[in-house]
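What follows is a set of notes on a single structure, which appears directly below.
FYI, it's all coordinate maths here, none of it is from the lab. Worth saying up front: this structure is predicted, and the values here are computed from it rather than measured. Note that each Cβ is placed from the backbone with ideal geometry, even for glycine, and that neighbours are counted across all protein chains shown.
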Amino acid sequence: MVEQRSITRELVLLFEEHEKELIDLWMTKMKQLKLIKGLSDDEREQEFRNIYRASLSAFKTGDYSEVENYTSKIAKRGALQGIPVDEILLSFLKLRDVRLRKLFITYQGDLAKLLEALDCFEKVSNRIFSIFVLALIREREETIHEQQRALLELSTPVLQLRDEALVVPLIGVIDSERASRIVEELLQRIVETQASVVVMDMTGVPIIDTAVANHILKTVQASKLLGAETILTGISPANAQTIVTLGIDLSMIRTRSTLREGIKLMHTMLGLEIRRRDE
Amino acid sequence: MDEQMIEVKNDTDIIRVRRIVREMAVEIGFGELDQTRIITAISELTRNIIVHASSGKVLIKEVQKTGKRGIEITCADEGPGIVDIELALKDGYTTSGGLGIGMTGARRLMDEFKVESVVGSGTTVIVKKWMK
């Protein structure tokens with residue numbers, strides 16, 4: 001254990017002493033490989049020195065928090081500036097290569113010492129690598145999560161078709177979160193537009209289970225309280241049969257097979273008559 | 001692709017389960033109506049897991065019986081269990097504020113339905129649908 005610590009100290013000293021040499025070598029390698037082209041030379045050198053020192057602190061203290069902070073910062077910047085993940089990982093691995101070679105050169109005459117140094121180096125280096133990968137994955141997950149939220153907002157359009165009529169084309173899977181957004185948005189629009197008819201089209205909804213049906217029923221009831229009648233359209237034949245087998249009662253809702261038929265009914269309910277001009 | 005296990009804990013997982021069930025149902029050769037029935041039933045059972053037990057597992061596999069092909073889906077959780085299964089399988093009975101027809105509806109949509117539940121240690125529902 002004492003020996004382990006002393007070899008660690010030796011490695012830290014070695015890397016500190018040769019910091020400039022190793023960073024320069026690292027930069028040259030990166031240039032050859034054409035990695036991280038987005039940054040200027042100065043920025044790159046600054047960035048690399050930070051990585052170099054952050055990883056060295058992990059060797060020195062056994063504390064990886066500095067590495068964790070730094071990697072999550074890099075992951076964020078990488079995502080912002082569009083630096084590919086493989087380039088970030090390859091750059092880090094290149095630093096590892098540069099340091100490894102230094103170890104081989106330094107201990108070439110003493111195999112036992114070299115193996116001991118490698119044991120120590122690999123342990124820390126692998127840990128840092130896994131922290132790096134995790135930070136990059138976390139950043140990706142954050143992006144995906146953001147996109148999901150954005151999609152959620154986009155996916156609930158309430159369109160005004162006539163002075164007193166709204167159309168809600170539902171598309172995709174309706175979960176509780178989306179359902180409550182739809183209700184909220186729809187009720188607000190009913191009040192704003194004084195709509196008296198709402199056509200809700202389900203053509204794009206693949207499955208209507210009891211949860212979806214429950215949401216629809218509640219939406220229809222709430223709309224009615226605000227003075228709007230709902231016409232439900234676009235339920236597929238397979239869904240219609242399934243709804244009946246399930247035992248869901250939608251008989252209190254006006255339904256039409258297609259959006260077109262629903263619009264016709266809407267006109268009737270509004271007392272409108274649509275004709276060609278020459279008729 | 002004749003057996004798949006999915007951990008479920010939120011609405012996104014329900015969507016995933018549905019997609020995988022649909023793929024397998026199509027592969028086995030079920031028509032559109034049966035696909036819709038199976039997916040709707042699984043949707044109910046998976047949501048039950050999330051609502052009552054907050055998480056669980058869904059196992060989907062292809063099965064054979066006297067030359068017939070079919071799909072078997074097992075929904076298992078380690079939730080509170082069902083106190084009275086007879087009552088839970090009655091239309092309109094709910095403890096969650098839903099319509100109270102998910103479980104019975106799922107039973108009607110499938111060909112075979114088996115539920116085992118131990119209060120305090122969890123519920124397992126096994127359903128099967130056979131090709132006609």
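Ordering B:Thr124, A:Ala112, A:Leu272 by Cα displacement along the dipole of the protein assembly as shown toward the positive end leaves A:Leu272 in first place; charges were set at the Cβ atoms of Lys, Arg (+1) and Asp, Glu (-1). Length gained on full extension, A:Glu17 to A:Thr61: 14.1 nm, using 0.36 nm per residue less the C-alpha separation.
Taking amide H positions as modeled 1.01 Å from N, with prolines and chain starts lacking one, the residues under 5 Å from B:Arg69 and 5 or more places away or on another chain are B:Met131. Each residue of the stretch A:214-230 was assigned a 3J(HN,Hα) from its phi angle through the Karplus expression (A = 6.51, B = -1.76, C = 1.60, θ = phi - 60°), giving 4, 4, 4, 4, 5, 4, 4, 5, 5, 4, 4, 4, 9, x, 10, 8, 10 Hz with x at Gly and Pro.
Taking the Cα centre of the protein assembly as shown as origin, sum charge times position over the Cβ atoms of Lys and Arg (+1) and Asp and Glu (-1), and report the length of that vector in debye to the nearest 20. It would help to have the intermediate numbers written out before the result.
Numbers: 57 positive and 62 negative charges, 146 e Å.
It comes to approximately 700 debye.
Most simply put, chain A has about 20% antiparallel DSSP beta bridges, counting only bridges with both residues inside it.
A Cβ-based charge dipole, computed about the Cα centre of the stretch A:159-269 with Lys and Arg at +1 and Asp and Glu at -1, lands at about 220 debye.
Any idea which of A:Met202, A:Ile174, B:Ile42 is furthest toward the positive side of the dipole for the protein assembly as shown, if Lys and Arg beta-carbons carry +1 and Asp and Glu beta-carbons -1? Positive-end residue among those listed: A:Met202.
For A:Met200, the residues whose modelled amide H falls within less than 5 Å of its own, excluding neighbours fewer than 5 places apart on the same chain, are A:Val168, A:Ile231, A:Leu232, A:Thr233. Here the extension length gained between A:Ala112 and A:Asp249 equals 41.4 nm, from 0.36 nm per residue of separation less the Cα-Cα distance. Where Rh is the Kirkwood radius over the Cα pairs of the stretch A:143-279, the temperature 10 °C and the viscosity 1.306 mPa s, what D in µm²/s does Stokes-Einstein return? It diffuses with D of about 102 µm²/s by this estimate.
Using θ = phi - 60° in the Karplus curve 6.51 cos²θ - 1.76 cosθ + 1.60, the 3J(HN,Hα) couplings for the stretch B:78-87 round to 10, x, x, x, 9, 5, 10, 5, 3, 5 Hz; x is entered for Gly and Pro.
Dipole of the protein assembly as shown (Lys/Arg Cβ +1, Asp/Glu Cβ -1, origin at the Cα centre): which of B:Met110, A:Leu14, A:Leu33 lies farthest to the positive side? Going by the charge dipole, the pick is B:Met110.
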